[in-house]
Amino acid sequence: MKILRQTRAGSLESNDLMVVMKPLGDREGIKLEINSIVQNQYGDRIREVVTEVLKRNGIMDAYIMIQDRGALDCTIKARVETAIKRGL
Amino acid sequence: MNKVAASLRKAIELSELKDGMTISFHHHLRNGDYVVNMVLDEISKMGIRDINVAASSLFPVHESLIQNIKDGVIIGLDVNYMSGPLARAVSHGILDKPVTFRSHGGRPRAIHEGSLKIDVAFIAAPSSDAMGNINGVEGPSACGSLGYAIPDALCAKKVIAVTDYLVPYPNSPISIDQTLVDWVVKVDSIGDPSGIVSGTTRVTKDPIGHIIAGYAAEVIQASGLLKEGISFQTGAGGASLATAFHLKEKMIAKGIKGSFGMGGITGFFVDMLEEGLVEKLIDVQCFDLDAVKSIKNNPDHVEVSGSFYANPGVKGCAVDNLDVVVLGATEIDTQFNVNVLTDSNGIIMGGSGGHSDTAAGAKLTIIVANLLRSRLPIVLDKVITKVTPGDTVDVLVTERGVAVNPQRKELMDSLKDAKLPVMDIEELKAAAEKIAGKPREISFTDQVVGIVEYRDGSIIDKIYKPTGSER
């Protein structure tokens, strides 16, 4: 699957996150930037969850920027999934 | 006789302030305060160095002290609470000497016993006459109670009142009187009223806050303390003030009248006084305009000193007469120790204030907190900074359940009988981690940036500089 247009999902409310996704050329891979208020405690876990959703949806090339305000895993999954669907 | 000095500089000269001395401030003007910055600016211009600043609290407005530290004007800090850019700079190791953190009761204890010696106290005076009779209820910067300034005025070698509202002699009412004040300085303004007190303190509309508060009120009822003459203190925000709201409803329903409400006083407590639900208010600090108006006009709204409020070194302080206190927490551990000083990254963002004092004094100490705050579980194996010891904390109330300190077996049984959702604190911790995942622990360098002194003077914890906090 390929991200064709820039998309956005989520918000900057507490316990939510904002996902911005942009297309990248073939074999450019995944460029993932994470900015979280709980970076020190959950930064690695957020990366894990986002990567897993991308993989499950077959996204190989994309730029993703996450601004996290303390969202739970289920919220992160839902927002990333929505951003993907909007970008296909 | 007239004590008015021609300028702030003149008063500082008269006080014979010298390098290495300790000056003090009180924090009733909170984030609207101009006096701390004004005084340090003048001291800096006079070329005085190595000053220790003993301020009952410092706020974001005091950011300019960072420059005073860099310039060598300030060498040490001694506070009960500190937030904002200065607090972050301290966490990042800007001072060589660790900051001493005390409680609102520990500070007056240290001042009266002489372990905190003040050379010159600067009293931000909302109104004063030329002899130094001061109150906090008149003038453009009225803040209400001046409770925390009283030990400073009593014990400092020299006392300078800084006012923007000089009134004809004799001023009244009198909170700090002329027998204690050396000089009076008139300045344009001592503070920004919008930062001093908030307009009206409202009870939260957050439904989770009300679930927590509802449980907390049930806990008070089940403890057996909800009876004629009950005394209590709650915080001014969130679930803590909401607990007062739920407690008030129970008092009305049962026709119970309380003896006193205490603390930082808000309009909510003023309403309870005026509606006859409590006999008196004991007030060290006013949080909003309603409280300021009330302490000015209502003789049952009583101004008291920091010592009267919480000093464990005197012949009786008011926290020991409290039935119930409802407090917040940044973190609580499975031993019920509470942190209200450092954030989840170990950065300084607060302090005890009266937290550890009221917890020690009250018959029932309730901590109210959301189980998760921005994903972070409130219950940990070990708090980053121990401020209030677990053996003074009785109950943790969250929206998911209520944990009772195992030392309070009888209370636990009463809460179970009342059908409250009693859980082991370990279960609460597990429930939080199941939802949010286990947070990775943060790491620290071995540089000590702060020392936490318990109210009795013992060292209860140290604050370390977090790794990677050089920014």
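Bear in mind these aren't lab numbers, they're just calculated from the coordinates by the rules spelled out. Not measured: the values here are computed from a predicted model. No Cβ is skipped: glycine too gets one built from the backbone with ideal geometry, and neighbour counts run over all protein chains shown.
Note: relative contact order over segment B:9-112, using C-alpha pairs below 8 Å and six or more positions apart, is 24 percent.
Along its three principal directions, the equivalent ellipsoid of segment B:207-436 from the Cα gyration tensor extends over semi-axes of 28, 20, 16 Å, largest first. Helix A:73-87 and the long axis of chain A differ in direction by around 30°, with both axes built from C-alpha atoms.
Of B:Gly390, B:Gly353, B:Ala310, whose Cα points farthest to the positive end of the dipole of segment B:294-437 (charges on the beta-carbon: +1 Lys, Arg; -1 Asp, Glu; origin at the Cα centre)? The Cα lying farthest towards the positive end belongs to B:Gly353.
Entry note, chain A: relative contact order of 47 percent, from Cα contacts under 8 Å with a spacing of 6+ residues. Where both bridge residues fall in segment A:7-87, DSSP classifies roughly 60% of the beta bridges as antiparallel.
Normalising the average separation of contacting C-alpha pairs (under 8 angstrom, six or more residues apart) by the number of residues puts the relative contact order of segment B:152-219 at 33 percent. Comparing A:Met65, A:Val49, A:Gln6 along the charge dipole axis of chain A, the residue lying farthest to the positive side is A:Gln6, per the Cβ-charge model.
Ranked for footprinting exposure by Cβ neighbours inside 10 Å, fewest first, A:Met65, B:Met131 give A:Met65, B:Met131. One Cα centroid belongs to segment B:4-61, the other to segment B:351-409; the line between them spans 36 Å. Classify segment B:216-338 as rounded, prolate or oblate, taking a ≥ b ≥ c as the square roots of the eigenvalues of its Cα gyration tensor: rounded when a/c is under 1.5, otherwise prolate if a/b is larger than b/c and oblate if not. Rounded is the answer for segment B:216-338, as its axis ratio a/c remains below 1.5. Selection among B:Pro466, B:His104, A:Gly25 by position relative to the dipole of the protein assembly as shown gives A:Gly25 as farthest towards the positive end (Cβ unit charges, Cα centre). Sorting B:Lys465, B:Lys409 from the fewest to the most surrounding beta carbons within 10 angstrom yields B:Lys409, B:Lys465. Would you kindly state the longest site-free stretch of chain A, with sites defined as GluC sites (Glu not before Pro) in a DSSP loop (not H, G, I, E, B) surrounded by at most 14 other Cβ atoms within 10 Å? After excluding every exposed loop site, the longest remaining stretch is A:29-88.
Note on segment B:1-128: along the principal axes its Cα atoms extend 46, 32, 28 Å, ordered by decreasing extent.
Only Lys, Arg, Asp and Glu carry charge here, each on its Cβ (+1 for the first two, -1 for the last two); on that basis chain A has a dipole of about 320 debye about its Cα centre.
In a reduced charge model with +1 at each Lys and Arg Cβ and -1 at each Asp and Glu Cβ, the protein assembly as shown shows a dipole moment near 1500 debye about its Cα centre.
Note down the Stokes-Einstein diffusion coefficient of the protein assembly as shown in µm²/s, whole number, using a Kirkwood radius over alpha carbon pairs, 25 °C, and 0.890 mPa s. Reported coefficient: 98 µm²/s. Looking at the square roots a ≥ b ≥ c of the eigenvalues of the Cα gyration tensor of chain B, which shape do they give, rounded for a/c under 1.5, prolate if a/b is larger than b/c, or oblate? The shape class here is oblate.
Within segment B:207-436, antiparallel bridges make up roughly 25 percent of the DSSP beta bridges whose residues both belong there.
Only Lys, Arg, Asp and Glu carry charge here, each on its Cβ (+1 for the first two, -1 for the last two); on that basis segment B:192-351 has a dipole of about 280 debye about its Cα centre.
Sorted ascending by nearby beta carbons within 10 Å, beginning with the fewest, B:Arg9, A:Arg27, B:Arg455 become A:Arg27, B:Arg9, B:Arg455. The share of alpha-carbon pairs in segment A:7-87 lying farther apart than 21 Å comes to 18%. Angle, helix B:238-254 long axis vs. longest principal axis of chain B, Cα atoms, 0 to 90°, nearest 10? Between the helix axis and the principal axis of chain B, the angle is about 70 degrees.
Only helices enter the 222 nm calculation for the protein assembly as shown: every DSSP H run of n ≥ 4 contributes -39,500 (n - 2.57), and dividing by all residues gives -8500 deg cm²/dmol, rounded to 500.
Cα centroid separation, segment A:14-88 to segment B:105-129: 53 Å. Rounded to the nearest 0.05, what FRET efficiency do B:Ser194 and B:Asp71 have when you use their Cβ-Cβ distance and R0 = 25 Å? So, using R0 = 25 Å, E works out to roughly 0.25. Within the straight-line cut-off of under 18 Å between alpha carbons, the aspartates and glutamates reachable from B:Lys70 are B:Asp19, B:Asp41, B:Glu42, B:Asp50, B:Asp78, B:Asp96, B:Glu470, sequence neighbours fewer than 8 places apart in one chain being disregarded.
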